[in-house]
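The values are calculated or read from the model by the stated rules, or taken from the named source; none is laboratory data. Since we're looking at a predicted model, the values are computed, not measured. Methodologically, a virtual Cβ is constructed for each residue, glycine included, from the backbone with ideal geometry; neighbour enumeration extends over all protein chains shown. Side chains included, ligands, DNA and RNA excluded: accessible areas come from the protein's heavy atoms. Shrake-Rupley method; radii C 1.70, N 1.55, O 1.52, S 1.80 Å.
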Amino acid sequence: MEIPTSFEEFDIIEVRFKGGRKDFFRNINRLDLTTGDAVVVDVPNGHHIGFVSLKGELVRLQMLKKKVDNNEEIRSIYRIANERDMEKFNEVRDLEGSTMYRSREIIQQLRLKMKLSDVEYQADRAKATFFYSADDRVDFRDLIKKLAEEFKIRIEMRQISLRHEAGRLGGIGSCGRELCCSTWLTDFKSVSTTAARYQNLSLNPSKLSGQCGRLKCCLNYELETYMDALKDIPTVNRPLQTQQGDAMLQKTDIFKRMMWFGYRGDNNWYAVPVERVQEIQELNAKGIAVETLMPVVEEEVKQNEFVAQVEGSLERLDDKYKSSKKKKKKKRPSGSGEGQQERRAEAPAAVAGERAPGSSSPSDDQQTQDRPRRQRPPRNKNKSREGQPQQENREPRENRVPRENREPRESREPRESREPRASKEPGERREKREPRPPRAEAPGGVSAPDGAQQGGGGQNQKRRRKPFKGKKPDQGTKPPRTDA
């Protein structure tokens, strides 16, 4: 937003000095200042360097808050500090530490009951201000003479409270943040223990006091909120009368609006709402003692809804399955195949009429579960697939024609021109085939297939596997087994 042409900025600036001290100065030269700029200001008996902390209309509001009049007593700002001014200011600031230690030694020699907390030099090194705190009045006339002889400057003694002392020294509070008095808090209001009582805090001085040794300033921050919440909470001056005994107040949760009561000889606490406490107090005022602190609430009978009555309830199904026990599958006894066939032969036939194919009744399912599993008889390795014993010494078959001497496929007679097989008439028995001649081994020790000797007809016939007679490949390398 553009500033109107007729608008004139407030000409007073707030300047901050060491230790959080602030003061107001007039910008008579209309300098273009921003927050944080170092400026040279007019002070009694010389000049000093400070930093701009606030400007504009906010300064007017701050002056109204602190009740500072806009008059001619407000001093002016000379200029913006240059490098030469900042070098002198840093040199003077380095002397503050050594000056404070030497001043404390002089105070101990004079045996004065005062505590020197800080020393602040003026930027032109014309004056030094000593900040101290003391419980009683201190006569420091001799102290000023010795300090002036020691440092050759003008001495100013300023007494501050313990809260201001903590603000100048700084530190970290119990909340984990920097102290309020050293950052933003300038006005110190009195804090009493009633603020802790309204907030139901334990009156423990070590927990309620800050680093300054006084009550924490933050006790006043939420006091108004607690005061508003306590308006509707009743004051319990005497125990509540019940038929079980007198209930005494133990604790109150202000924001949850709950009050805890306990009986004599009972370590348990009972939470009671604020509305119930007010009701019991009214009954006790009439001389009526209630049965219990909390009224007994009767459980409402659950009524099934219309949908649950029509479609059924899921809880009812859950109860059904919980009550039913899981059926354990019986282990099938081991038996031979002959016994299984006998059981199947002895199984009773169905009496209740024919069922549809693929359907089964519960009795059949139970019968199939009780049937033992069929076990295969042990296989005889000395028999072939047809059940005939293997011949150890077979006669070699006729030598087949080698693959190289066969006639090519193109010269063979096509399948379509071959004579079809004679169809077997019904009732006619198929003649028994003659046994096939033994296989002949081809050159190289490999038996030739049957199809090579009999033509194309041998391809459709099943090939019999020849048993392996020789040794396995790994048997030759293994040493012979010896019985130890």
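Remarks
- Residues in the range 221-264 that are surrounded by 14 or more Cβ atoms within 10 Å (Cβ to Cβ), of a type in the set (Val, Ile, Thr) and in a loop (DSSP other than H, G, I, E, B): ILE233, VAL236, ILE254.
- Taking every residue in the range 258-285 that is more than 15 Å from GLN243 (Cβ to Cβ) and pairing it with any residue that is charged (D, E, K, R) and part of a helix (DSSP H, G or I), at least 6 positions away or on another chain, the pairs with Cβ-Cβ distances below 9 Å are MET259/ARG276.
- Conditions (1) surrounded by 12 or more Cβ atoms within 10 Å (Cβ to Cβ); (2) touching a residue at least 40 places away in the same chain (Cβ under 8 Å): number failed by VAL41: (2)
- Counted residues, the range 151-191 - those being modelled with pLDDT under 90, open to solvent by 60 Å² or more (accessible area, probe 1.4 Å), outside any helix (DSSP H, G or I) and under 13 Å from GLY19 (Cβ atoms): 1
- Filter pass, GLY20 being touching a residue at least 60 places away in the same chain (Cβ under 8 Å) and of a type outside the set (A, V, I, L, M): yes
- Residue count, the range 223-257 (criterion: among the β-branched types (Val, Ile, Thr), closer than 22 Å to ALA285 by Cβ and in contact (Cβ under 8 Å) with a residue 40 or more places away in the chain): 4
For every residue, the table says whether it meets (1) part of a strand (DSSP E or B); (2) of a type outside the set (Lys, Arg).
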site	(1), (2)
GLU2	no, yes
ASN29	no, yes
THR34	no, yes
ASP42	yes, yes
ASP85	no, yes
ARG104	no, no
ILE107	no, yes
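- Residue list for the range 44-62, restricted to those being in a helix (DSSP H, G or I) and surrounded by fewer than 17 Cβ atoms within 10 Å (Cβ to Cβ): GLU57, LEU58, ARG60, LEU61
- Counted residues, the range 8-28 - those being open to solvent by 40 Å² or more (accessible area, probe 1.4 Å), more than 27 Å from CYS180 (Cα to Cα) and modelled with pLDDT of 90 or more: 2
- Only one entry in LEU147, LEU143, LEU116, LEU110 is touching a helix residue (DSSP H, G or I) at 6+ places or on another chain (Cβ under 7 Å), farther than 16 Å from HIS48 by Cβ and open to solvent by 40 Å² or more (accessible area, probe 1.4 Å), namely LEU110.
- Residue-level analysis places SER117 among those that are over 14 Å from ILE155 (Cβ atoms), part of a strand (DSSP E or B) and modelled with pLDDT of 90 or more.
- Between PHE140, PHE89, PHE131, the distinction of being of a type outside the set (Val, Ile, Thr), over 18 Å from VAL15 (Cβ atoms) and over 51 Å from the mean Cα position of the chain (by Cα) belongs to PHE140 only.
- The set of residues in the range 192-210 being assigned to a helix (DSSP H, G or I) and either open to solvent by 50 Å² or more (accessible area, probe 1.4 Å) or aromatic (Phe, Trp, Tyr) (or both) consists of THR194, ARG197, TYR198, PRO205, SER206, LYS207.
- Filter result for VAL15 (assigned to a helix (DSSP H, G or I), aliphatic (A, V, I, L, M) and touching a residue at least 24 places away in the same chain (Cβ under 8 Å)): no
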